[in-house]
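Beneath this line is the structure, given in structure tokens, with notes to follow.
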Amino acid sequence: IYAKMRTNGLFAGTLSGSSVYLGLYADELDYYPTSVNNFYGNTLIAGESGVASMWNTSYHQIYEANAVMEGAMNSTNLTEAERNELKGESLFVRAFVHLYLVELFGDIPYIKSTNYETNSVVGRMPKAIVYQNIIADLELAKTLLPEVYYTAERVRPNRYAAAAVQARAYLYSGSFAEASNAASSVINSSLYIWETDLDKVFLKGSTTTIWQFSPNAAGNNTSEGNLYIFPTGPPTNIALKNDFVNSFAIGDQRKTKWIKAVTGGTSTWYHPFKYKQRNPTSSSMEYSIVLRLAEQYLIRAEARARQGELTNAKSDLNLIRNTAGLPNTIAVTADEIVAEVLKQRRFELFTEFGHRFFDLKRTDQLDTVLALSKPGWNHNDQLWPIPALELTVNPNLNPQNPDY
């Protein structure tokens with residue numbers, strides 16, 4: 001399942017993963033081919049193949065997680081510890097994939113079994129109920145998963161990986177006390193050590209990594225590095241938007257360390273440079289990091305600020321700022337601190353699985369921000385269409401999202 005998640009669907013570091021689709025859909029990435037890209041133009045249609053692929057791949061991964069869980073629970077050969085480990089990981093995958101689906105499509109089915117007859121006629125659940133299921137699955141996963149990693153390279157999720165996703169789910173659903181507590185459980189674990197060297201954050205042995213994908217073969221590195229890095233211009237596929245690159249504060253080392261300029265004639269383009277290996281190396285140096293510690297500090301900073309814990313919120317925020325080479329924040333009020341956290345999320349988490357789009361959406365800023373840079377943007381673009389074929393096969397998924 002993890003190999004499939006790394007290669008296809010939401011978490012793939014390819015042109016058809018959420019990092020690229022949502023980077024184009026929001027305001028992180030520019031698209032250079034002459035062909036039309038409906039994600040970049042915000043002109044999705046119900047028959048959009050990329051949307052259909054994302055939906056189908058995601059639900060297939062959920063099906064596989066349910067199949068692993070059912071198989072493990074029915075096994076007479078596995079030990080109880082092995083059954084718990086497999087069930088915990090399956091719940092983690094199921095919840096994490098549903099979290100992305102509900103944010104992209106709104107009301108969706110929450111699939112908990114492999115029963116085809118049931119699943120083929122399932123209807124959409126209200127978003128709030130989907131979130132209840134996500135949080136419940138992750139809560140159970142935390143009780144089943146071990147505290148330590150199953151492997152040294154953090155490629156199988158542990159208890160804190162489930163807590164990290166749960167912290168995000170609580171934040172997105174407005175449960176700020178719970179978000180703060182879940183993030184704290186990760187931050188307070190001795191497994192994770194804050195890294196002050198930005199050049200080391202995306203190495204495979206980083207002490208801030210919570211969960212990552214191993215490459216498909218020894219010596220290979222990430223799909224992201226191969227995709228984003230271009231040695232000469234102009235770009236053939238995608239590059240960072242100049243407006244985004246120019247938005248970094250003076251002295252922000254993330255611009256220096258995590259972005260690379262490529263010049264050609266009088267033009268300059270920029271690509272993400274978090275992953276620095278474009279090609280195989282003698283041994284793998286970088287794995288694709290899905291969850292990392294910085295997000296947990298930013299979740300806790302925002303959650304604390306929204307609860308009035310301003311001093312502690314600023315402490316978390318300043319850790320991120322100081323590591324980037326910036327001074328302590330001058331934000332004073334809760335609203336100012338939250339605004340600064342959101343700004344730091346933009347510069348810390350860019351091109352990492354769609355954080356920018358989801359942050360704009362959950363703070364009701366999609367229309368005001370994207371209307372400035374995206375001529376095709378309109379309010380109903382906040383949701384993707386339910387794939388037309390799915391509505392034909394299962395009419396219970398109706399109604400379609402607005403404007404599709």
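Overview of values
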| read-out | value |
| --- | --- |
| Filtered GluC sites (Glu not before Pro), the range 88-165: DSSP coil and at most 15 other beta carbons within 10 Å | Glu147, Glu153 |
| Kirkwood-Stokes translational diffusion coefficient of the chain, alpha-carbon pairs, 20 °C, 1.002 mPa s, µm²/s | 98 |
| The chain, relative contact order in percent, only Cα pairs under 8 angstrom and at least six apart counted | 21 |
| Mean separation of Cα contacts under 8 Å (6+ apart) over length of the range 206-282, as relative contact order % | 42 |
| Signed unit charges on C-beta, dipole axis of the range 1-89, positive-most listed residue Thr43, Val68, Leu10 | Val68 |
| Sulfur and carbon atoms: percent of accessible area, the chain [1.4 Å] | 52 |
| Full-stretch length increase - Ile1, Glu336 - with 0.36 nm per residue and alpha-carbon distance subtracted | 116.5 nm |
| Length released on extending from Ser283 to Leu198, taking residue separation times 0.36 nm less the Cα-Cα span | 28.5 nm |
| Cα-projected label distance for Thr368 with Leu15, points at 7 Å along beta-carbon direction, nm | 3.6 |
| Relative contact order of the range 107-211, defined on C-alpha pairs under 8 angstrom at six or more residues apart (%) | 20 |
| Cut-off under 5 Å, modelled amide H: who pairs with Ile259 long-range | Phe273 |
| Charge tally in the Cβ shell below 10 Å around Ser189, where Lys, Arg are +1 and Asp, Glu are -1, Ser189 excluded | 0 |
| Helix-derived mean residue ellipticity, 222 nm - over the chain, DSSP H n ≥ 4, -39500 (n - 2.57), to 500 | -15000 deg cm²/dmol |
| Kirkwood Rh in Å, taken over all unlike Cα pairs in the range 147-305 | 17.2 |
| R0 of 51 Å, Cβ-Cβ distance Ser247-Thr151: FRET efficiency to nearest 0.05 | 0.85 |
| For the range 261-404, accessible area per residue (1.4 Å probe, heavy atoms of protein chains only), Å² | 42 |
| Full-stretch length increase - Ala177, Leu389 - with 0.36 nm per residue and alpha-carbon distance subtracted | 72.3 nm |
| In sequence order, calculated HN-Hα J values of the range 304-314 (Karplus, 6.51, -1.76, 1.60; Hz; x Gly/Pro) | 5, 4, 5, 9, x, 8, 6, 5, 5, 4, 5 |
| Local electrostatic count at Ala305 - Lys and Arg +1, Asp and Glu -1, tallied over other residues with Cβ under 11 Å | -2 |
| Point-to-point label distance, Thr118-Asn312, nm (Cα→Cβ direction, 7 Å offset) | 4.0 |
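The values are calculated or read from the model by the stated rules, or taken from the named source; none is laboratory data. A quick note: this is a predicted structure, and the numbers were derived from the prediction, not measured. Neighbour counts run over all protein chains shown; Cβ positions are idealised from the backbone, glycine included. Note: accessible area is taken over every heavy atom of the protein model, side chains too, but ligands, DNA and RNA are not part of it. Shrake-Rupley method; radii C 1.70, N 1.55, O 1.52, S 1.80 Å.
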